[in-house]
Every structure is written in structure tokens, then in C-alpha cells.
Amino acid sequence: MIYVVDSNALSDLIESHPQVVKQFKLHLQQADQIILCPPVYFEVERGLLWGKLARKYRIFRDTIAPRLERVGLIQADWEQAVQYYVDTRSKGRQLSDLDLLIAAVTHRLDAIIVSSDADFDALPIKRENWR
């Protein structure tokens, strides 16, 4: 399986949330791909650096991030994010641009988003909450 981790799942890992850590280890043992995409990297690094959370930043940078596979954005992701924006806005919902890009990468990879954020349920992608 392929999983794209959202920033809240990474925050749970940094905080050593027991169930999330268990799921993360299980999926690594099963040789599942766990993806870190640029919008999530941006959200996590921005939050840790802005909050001056040096210890948590080192945990992310030195322990968690090296175990994740990096996948970049491509033009099709931007186009998919635009379509998601139009679709959700027409239904009276507005998701953040970063979430739309994360969802677009998840869609392209035919992956599952790992997130506790139910906003992703407004989109045609699969979501798991490892909490």
C-alpha cells in the first residue's frame, strides 16, 4: 500500500502518540510506502521552526523524515488541486490550498491519506486515521 502522511499524523509521531507510532512501525515492517510530499513538509517544518520547537524539529528531521519516501509535485497535481477547489467550493466547502495539493498527490499515487482531518472526506480519496 501507499500512504501519504498529513502534518497532523506527523505531529502525532513527533509526540510519540502510541497508536500512531504502532501503525507507523507496522506499515514500515510491511514494506508499505509512506510518502512525505512538499506541502506536508512545508506545514511541519514551518510549524516547528516558527514555534521554536528545536527538540521536536530534530526528532522530525533526524528520526522521522529519513524513514519517509519523498514525492514531489507535478503539474497534474496542481491541475487536480484546482479541480478539487472548484468541486468543493461549488458544494459550499472550502479546504486549504495545501490540503488540496496533498489530496492531489494522494489521488495521483492511488494512495491513502493518513490524517485525523475529516475535511479530506469531502474529496474522492481514501483516508485513514491512525489515532
Worksheet item: Would you call Trp78 more than 12 Å from the chain's Cα centre (by Cα), of a type in the set (Phe, Trp, Tyr), surrounded by fewer than 17 Cβ atoms within 10 Å (Cβ to Cβ) and within 24 Å of Leu13 (Cα to Cα)?
Response: no
Practice prompt. Would you point out the residue of region 71-112, among those that are touching a helix residue (DSSP H, G or I) at 6+ places or on another chain (Cβ under 6 Å) and hydroxyl-bearing (Ser, Thr, Tyr), that is farthest from Pro124 (Cα to Cα)?
Written response: Tyr85
Worksheet item: Within the bounds of region 23-38, is there any residue that is surrounded by 15 or more Cβ atoms within 10 Å (Cβ to Cβ) and more than 25 Å from Ala118 (Cβ to Cβ)?
Response: no
Worksheet item: What's the number of the condition Ile2 fails, among (1) within 21 Å of Arg55 (Cβ to Cβ); (2) surrounded by fewer than 23 Cβ atoms within 10 Å (Cβ to Cβ); (3) β-branched (Val, Ile, Thr)?
Response: (1)
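A short reminder: the numbers here are calculations on the coordinates, not readings from a lab. Please read these numbers as outputs of a predicted model, since none were measured by experiment. Positions of Cβ are generated from backbone atoms using ideal geometry, with glycine treated the same way; all protein chains shown enter the neighbour counts.
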